[in-house]
1. Assign unit charges at the C-beta atoms only (+1 for Lys and Arg, -1 for Asp and Glu), then state the dipole size of the chain relative to its Cα centre in Debye, rounded to the nearest 20.
2. To the nearest 20 debye, what charge dipole does region 216-395 have about its Cα centre, counting +1 at the Cβ of each Lys and Arg and -1 at the Cβ of each Asp and Glu?
3. Go through Val245, Val219, Gln29 and say which Cα lies farthest out towards the positive end of the charge dipole of the chain; charges sit on Cβ, +1 for Lys and Arg, -1 for Asp and Glu.
4. Just add up the charged neighbours of Lys50: K/R +1, D/E -1, any other residue whose Cβ is under 13 Å from the Cβ of Lys50.
5. To the nearest Å, what is the center-to-center distance of region 386-456 and region 145-199, using C-alpha atoms only?
6. Summing -39500 (n - 2.57) over the DSSP H runs of n ≥ 4 in the chain and dividing by its residue number, what mean residue ellipticity at 222 nm do you reach, to the nearest 500 deg cm²/dmol?
7. Treating the beta-carbon of each Lys and Arg as +1 and of each Asp and Glu as -1, no other charges, what is the dipole magnitude of region 287-360 about its Cα centre, to the nearest 20 debye?
8. Where both residues lie in region 216-395, what percent of DSSP beta bridges are antiparallel, nearest 5?
Amino acid sequence: MRDYKIVLHKQREYWSGGESRDIEFRTKQLVRMYRWICKNEDLIMDGLRKDLHKSSFESYATEIGIVKEEIRYIVKHLRKWAKPRKVPAPITQFPSRAYVYKEPYGVVLIMSPWNYPFQLTVVPLVGAICAGNCAVIKPSAYSPHTSGVIAKMVKELFLEKYVAVIEGGRAENEALLNERFDYIFFTGSVNVGKYVMEKASRNLTPVTLELGGKSPCIVDETADIRLAAKRIVWGKFLNCGQTCVAPDYILVQKTVKEKLLRQIEKYIKKMYGKEPCENPEYPRIVNAKHYERILGLMDGAHVVCGGGSRRGSLQIEPTVLDEVTWDSPVMQEEIFGPILPVLTFYSLKEAAAMVNARPRPLALYLFTGDKKREDYILENISYGGGCINDTVVHLATSHMPFGGVGSSGMGGYHGKASFDTFTHEKSILKKSRFIDVPIRYAPFGDKLDIIKKLMK
């Protein structure tokens, strides 16, 4: 195992020199990365195919394309974001001027997952670079081919004293978390997120945690059921259900449940065929451990459609479960696979209460044709983000922050939120040297009334 102290020492020395903080330098590195990605799209797709059996379309739409759009957006706006911001100065400090300066944290650690291994590694890296930091990247050992591509990209573009990639598994994770970083950005499970935060707390290191949870999809009786089914099937079974913001379960109003189930089954067959495991565009489960875990969630369950699997290719058909209760095994943990449980409700108030009785989810999706119902859910349920009449797509934009709340995570990124995440705002008040208002100085005497008027 490498001595990471040497890597970190080199990065701290380099960062102290100031080159990474230069706006022109940051922009240049992002442009170089963009060009490398454009040139090596086939290589990236090949890595994703080997790791997760992703199609070229899915690889581009959910990984490469999102990264390229993020870089373009940030390069366009970076100079404006990085400028010091003038803010009002209080009358009690007259005469003075107040500014907020943007400075990078320093040396940051980015720990990424295996489910979208290119996107969820490179987008945080783009944020770290645009803010002026040095970065150590630790991609997942479960996606070794994509991790290798990322390592190749970093080696060809950057000096290790600026950006470094550490490949490996748990031993490497542990070793890195025992080092002191200026910021940690982690994407992964809730349990590991807790451990990362615990380790970070020893050095009072700030963290962003992009976690998960059981994201509900609420379908009420006013919804366009056909469209709802189509978009739920797309969002749920994208990447074989291995998406942190995938609909984890459906809450459907009792009056339209049967209609919704029929439409979901119809669209599963339309999108993936009668034999999904034979479909060359259908992804697989990342490894045997997760494959067995997901199969176990179906034990004794009432399967409406799907349920088949193929051990040799680690594939599980898109599967819908009915007659599910909150005590069912499939409702005890985030599924992270192609299983969709269905529960019912009678009133929207009841549905909201069901969601609120559980940890706050990373995402929530509502299908409705009623604006009042839409407003009710938005006002009465706390969650990271989501969609009205769609699924998943809210994360695919640089114009909105993406992140969780409560047990689904803390902090956010994408676009300006990425810049803000990896930036410390330093507040500076510039005071006049020529005028010195004496009211703040002792003795205070009868100055109380004056200060009350000034600070009211």
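Any read-out appearing in this document is the output of simple, stated calculations on the displayed coordinates, not a laboratory observation. All figures in this text were calculated on a predicted structure; none of them were measured in a lab. Positions of Cβ are backbone-derived with ideal geometry, glycine not excepted, and every protein chain shown enters the neighbour counts.
1. Values: 66 positive and 51 negative charges, 386 e Å.
About 1860 debye.
2. Working: 23 positive and 23 negative charges, 74 e Å.
With Lys and Arg at +1 and Asp and Glu at -1, about 360 debye.
3. Projecting each Cα onto the dipole axis, the largest value belongs to Gln29.
4. Working: positive: Arg49, Lys54, Arg284; negative: Asp42, Asp46, Asp51.
Net local charge, Lys50 excluded: 0.
5. Cα centroid of region 386-456 versus Cα centroid of region 145-199: 29 Å apart.
6. Numbers: 16 runs with 181 residues, N = 456.
So the calculated ellipticity at 222 nm is -12000 deg cm²/dmol.
7. Working: 7 positive and 9 negative charges, 55 e Å.
Dipole about the Cα centre, nearest 20: 260 debye.
8. On the way: 5 of 23 bridges.
In region 216-395, approximately 20 percent of DSSP beta bridges are antiparallel ones.
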